[in-house]
Amino acid sequence: MTDDTTPVRQGWWRSNLLSLGVLAMLLPATVLGIGWWKWDHAFPGSGQPVWAVEPGKSGTVQLQGATWGPVRFKEVADTSGLDMPPNAKLILVGVPVDPTGEKGPGCWSPKLVQKSTGRVWLTARTELGLLWNDDEPEDCVPTSEGEKAERYELVLPYVVPDDVEGPFWVDVEPLSAKSKYVRFSIDP
């Protein structure tokens, strides 16, 4: 005689069938998504800065509807009146930007990169106690509707530790530049 009240035990595969089905769909989707992400950011059109465009003999670079450079730079000795941290020095960089079209290019904040270590510094205007100045922008100047783009110069103050030595790169990443960015080599 059999007992009909005894529960029938299902196998592991059958009890986890729904979870296994979801995993079977998500695993290939995850692998494809990661592959697409890597591919998209390794080739032009990805939006990530991958290839540096350095100036030629003229000291300028043509990229994203503008002529960039030639770059000017110096280490500023007299920092009186500025909120300088101890054991630091100020490197001032100027990058002329001459738009070639109706609209000027946009860009991310330019960076100072130490060639030997890859250390990166961003501009420090506010930290130095300097107010924003339309005549000395540290970011690309957008062109408003109805205006024509005009030539200007990025004025980039970088505060670095005293013991840091050049040479450096100044990297400017124009928006939508198809994985390219402007790179100037400096050694103040």
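The values are calculated or read from the model by the stated rules, or taken from the named source; none is laboratory data. Keep in mind that this is a model prediction, so the values were computed, not measured. All Cβ positions, glycine included, derive from the backbone under ideal geometry; neighbour counts span all protein chains shown. Protein only, heavy atoms only, side chains kept; ligands, DNA and RNA dropped before computing areas. Shrake-Rupley method; radii C 1.70, N 1.55, O 1.52, S 1.80 Å.
Values as computed for the structure displayed
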| item | result |
| --- | --- |
| Where Pro137 falls short, out of the listed (1) open to solvent by 50 Å² or more (accessible area, probe 1.4 Å); (2) without any contact (Cβ under 8 Å) to a residue 24 or more places away in the chain; (3) not hydrophobic (A, V, I, L, M, F, W, C) | (1) |
| Residues being surrounded by fewer than 20 Cβ atoms within 10 Å (Cβ to Cβ) and either among the β-branched types (Val, Ile, Thr) or within 20 Å of the chain's Cα centre (by Cα) (or both) - total across segment 144-156 | 2 |
| Lone unmet requirement of (1) surrounded by 15 or more Cβ atoms within 10 Å (Cβ to Cβ); (2) within 24 Å of Gln64 (Cβ to Cβ) for Leu130 | (2) |
| Entirely in segment 122-188, the strands (runs of 3 or more DSSP E) that have 2 or more residues that are closer than 19 Å to Ser80 by Cβ | 152-161 |
| Tally of residues being exposed (fewer than 15 other Cβ atoms within 10 Å of the Cβ) and of a type in the set (D, E, K, R) across segment 73-127 | 8 |
| Complete set of residues in segment 157-188 that are of a type in the set (S, T, N, Q) and either free of Cβ contacts under 8 Å to residues at least 12 places away in the same chain or open to solvent by less than 30 Å² (accessible area, probe 1.4 Å) (or both) | Ser179 |
